[in-house]
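J.: Dumping the structure here so I can ask a few things about it.
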Amino acid sequence: MATVARLVLGGVLIAAGALKIGNPADSVVAVKAYQLLPESVAVTVGYALPILEIVVGVLLVVGLLTRVAAAIAGLLMFAFVFGIGWAWAHGLRIDCGCFGGGGQLGAGQEPAYALDILRDFGLVLLGAWTVRYPPGRFALDGALGLGGDSGTEGEDDS
């Protein structure tokens with residue numbers, strides 16, 4: 001289970017970052033749409049977020065600095081849950097921008113806040129699991145003797 005949690009969380013982050021990194025202006029628009037951060041901070045976050053997602057995702061997939069990467073990933077996902085909840089509570093009609101795009105929804109489009117929150121909260125739980133248990137099979141942490149316990153506690157072979 002630890003390996004699956006690590007790979008799913010890492011894969012989602014890599015996909016999300018890769019879909020945004022080619023058009024950073026869209027990422028900035030998506031962050032600004034939440035109306036949660038000051039303009040200058042929103043711009044910085046919009047440009048930095050895809051890079052951070054890819055770096056953390058790669059660390060998780062290869063299993064390097066796994067617990068630190070999982071903690072960062074879990075906090076990112078929790079921030080996304082908070083942001084989407086904020087948008088919903090404030091009546092904003094935006095695309096979350098989670099996998100590119102983002103910004104105000106067009107006429108006739110409805111936000112999918114509940115689904116976005118459930119997905120991201122599930123990823124928070126995967127992050128917590130990955131922090132709690134050793135990184136599992138095929139992790140560089142184990143091969144390099146990093147991260148303390150390199151066993152397969154929390155793993156199942158099914």
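Please treat every number below as a calculation from the coordinates, not as lab data. From a predicted model like this one, the values you see are computed outputs, not experimental measurements. As a convention, Cβ positions derive from the backbone with ideal geometry for all residues, glycine included, and neighbour counts pool all protein chains shown.
J.: Between Ala143 and Ala71, what FRET efficiency follows from the Cβ-Cβ distance if R0 is 30 Å, with the result rounded to 0.05? Please list the in-between numbers first.
T.: Numbers: r = 21 Å, r/R0 = 0.70.
After rounding, the FRET efficiency stands at 0.90.
J.: Continuing with this model, one more query. Treating the angle as unsigned and between 0 and 90°, give the value, to the nearest 10°, between the Cα long axis of helix 24-33 and the longest Cα principal axis of the chain.
T.: Roughly 70 degrees between the two axes.
J.: Based on the alpha-carbon set only, what is the convex hull volume of the range 1-43 divided per residue, in Å³? Each step should come with its number before you reach the end.
T.: Numbers: hull volume 3.5 nm³, N = 43.
Convex hull volume per residue, Cα atoms: 81 Å³.
J.: If you don't mind, there's one more thing I want to ask. Give me the one-decimal nm value for the distance between modelled label points at Ile21 and Phe121, 7 Å along each residue's Cα-to-Cβ direction.
T.: Label-label distance for Ile21 and Phe121, simple model: 3.1 nm.
J.: Taking the 0 to 90 degree range and rounding to the nearest ten, how far is the long axis of helix 66-89 tilted relative to the main principal axis of the chain, both from C-alpha atoms?
T.: The angle comes out at about 20 degrees.
J.: Just from its helices, what would the mean residue ellipticity at 222 nm be for the chain, if runs of 4 or more DSSP H residues each count -39500 (n - 2.57) and the sum is divided by every residue, rounded to the nearest 500 deg cm²/dmol? Please report the intermediate quantities before stating the final value.
T.: Values: 6 runs with 103 residues, N = 158.
Counting only the DSSP helices, I get -22000 deg cm²/dmol.
J.: Let me ask something additional. Just one of (1) 16.5, 54; (2) 20.6, 66; (3) 20.1, 58 is Rg and Dmax of the Cα atoms in Å calculated from these coordinates, so which is it?
T.: Here the calculated entry is (1).
J.: Given H placed on each backbone N at 1.01 Å, which residues far from Ile94 in sequence or on other chains put an amide H within less than 5 Å of it?
T.: Leu105
J.: At what distance in nm do the modelled label points of Ile51 and Arg132 sit from each other, each positioned 7 Å from its Cα along Cα→Cβ?
T.: Placing both labels 7 Å beyond Cα along the Cβ direction yields 3.4 nm.
J.: Once the piece of chain linking Glu110 and Val8 is laid out straight, how much longer is it, given 0.36 nm per residue of separation minus the C-alpha distance between them?
T.: Details: separation 102, 0.36 × 102 = 36.72 nm, distance 2.74 nm.
That pair, Glu110 and Val8, stretches by 34.0 nm at full extension.
J.: Let me ask something else about it. Over all alpha-carbon pairs in the range 7-77, figure out the percentage whose distance exceeds 15 Å.
T.: Values: 1273 of 2485 pairs.
So the portion of pairs separated by more than 15 Å is 51 percent.
J.: Rounding to the nearest 10 and keeping the result within 0 to 90°, find how far the Cα-based axis of helix 113-132 lies from the longest principal axis of the chain.
T.: That works out to roughly 20 degrees.
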